[in-house]
Amino acid sequence: MYGDVVIDMDIRQLQAFLMVAQELNITRASARLHISQQTLSTQIQQLERAMGATLLVRTSRGVLLTPAGCELERGGTAVVSDLAELTERVRAADRGRLGRLRLACCPYATALFATEVADAMEAAVPGLEVDLTSVSTPPEELALLLAGEADAAFMWLPVGDARLSHASVRSDRRAVALSPGHRLADRESVTLADLAGEPVIRPDIFLSEENLCHWLADPRPDGTPAPRGPAVRKVEDCLMTVARGKGIWLAPEPLSHWVPVTNVRWLPVSDADPSELGLVWTDRAPEQLIARMIAEVRTVTGWTESR
């Protein structure tokens, strides 16, 4: 019922129509549904009576959707998906819980919004519990994902691992950390050309060569390789090494707020490709919850597909 309108519609009729809309052929649709063509035609006719509209017309090559049919296809797909999700939630509630979504994150990447996202997910999906696990490095996140101890994680892209799926949820400018006495420290911003020849410090956090090259901005716009500076064990060690004048550190701009140090100067790098943060998961993760999580994170961060 919607307002005072009663719609006498069976969900099987809607599913049958959506299959016909996909195939645009009664014979193929009935074969995929494992029912007779007569049964399928009857279900479509019943649906048309319930909706009070002609949904499709037959042609010599199959069927065509009417404007009403096109509208039902657009909305009907969401209805079936929502009903499937609702059914799972009802069954889970009957078992006593809706379940958990285990999310791993590094504080320096997600400190600004991880708890907000977890709260939003639990509010959007009543009965769901979101467990946040904080680790220090992406390799630790990867270990949790591959061991089945986390369903998803936040990681800076590109990850460069075929075992993982990802969706971008945040985009940030790049910044560089310089020692206070550096020749560029008094600038308002710098370019990659300004940093030519400067050794870039490398924390031991990268999951692939592709991941490392992005952080180093390697190669540079003119095709030259980025000079590789000292390797350090932790992200925090980068700043101490920078402060001692042993090199520079390129990082997503949010890290300059998470690890502000008085003896390091942060400057935006105007022509460096932005860093994208992704929600990353394996094929064992609950797909519907992952899809909902992506939407919730993008709402929090303001990320859109057009970026």
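The values are calculated or read from the model by the stated rules, or taken from the named source; none is laboratory data. All of these numbers come straight from a predicted model, not from anything done at the bench. Cβ atoms come from the backbone with ideal geometry, glycine included; neighbour counts cover every protein chain shown.
Summary table below
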| read-out | value |
| --- | --- |
| Residue match in region 127-141 (condition: more than 24 Å from Trp303 (Cα to Cα), in a strand (DSSP E or B) and outside the structural domain of Gly245 (by TED's automatic domain parsing)) | yes |
| Residue match in region 50-62 (condition: among the basic types (Lys, Arg) and surrounded by fewer than 12 Cβ atoms within 10 Å (Cβ to Cβ)) | yes |
| Helices (runs of 4 or more DSSP H) lying entirely in region 156-266 (those with 2 or more residues that are touching a Ser or Thr at 6+ places or on another chain (Cβ under 7 Å)) | 235-243 |
| Qualifying position, being over 21 Å from Asp151 (Cβ atoms), in contact with a strand residue (DSSP E or B) (Cβ under 9 Å, 6 or more places away or on another chain) and surrounded by 15 or more Cβ atoms within 10 Å (Cβ to Cβ), among Trp266, Trp303 | Trp266 |
| Of all residues making up region 26-45, the number that are in contact with a Gly (Cβ under 9 Å, 6 or more places away or on another chain) and buried (at least 17 other Cβ atoms within 10 Å of the Cβ) | 1 |
| Residues of region 272-282 classified as under 14 Å from the mean Cα position of the chain (by Cα) and either at positive phi or not in a strand (DSSP E or B) (or both), total | 1 |
| In region 34-90, the residues that are among the small types (Gly, Ala, Ser) and part of a helix (DSSP H, G or I) | Ser41, Ala50, Ala68, Gly69, Gly75, Gly76, Ala78, Ser81, Ala84 |
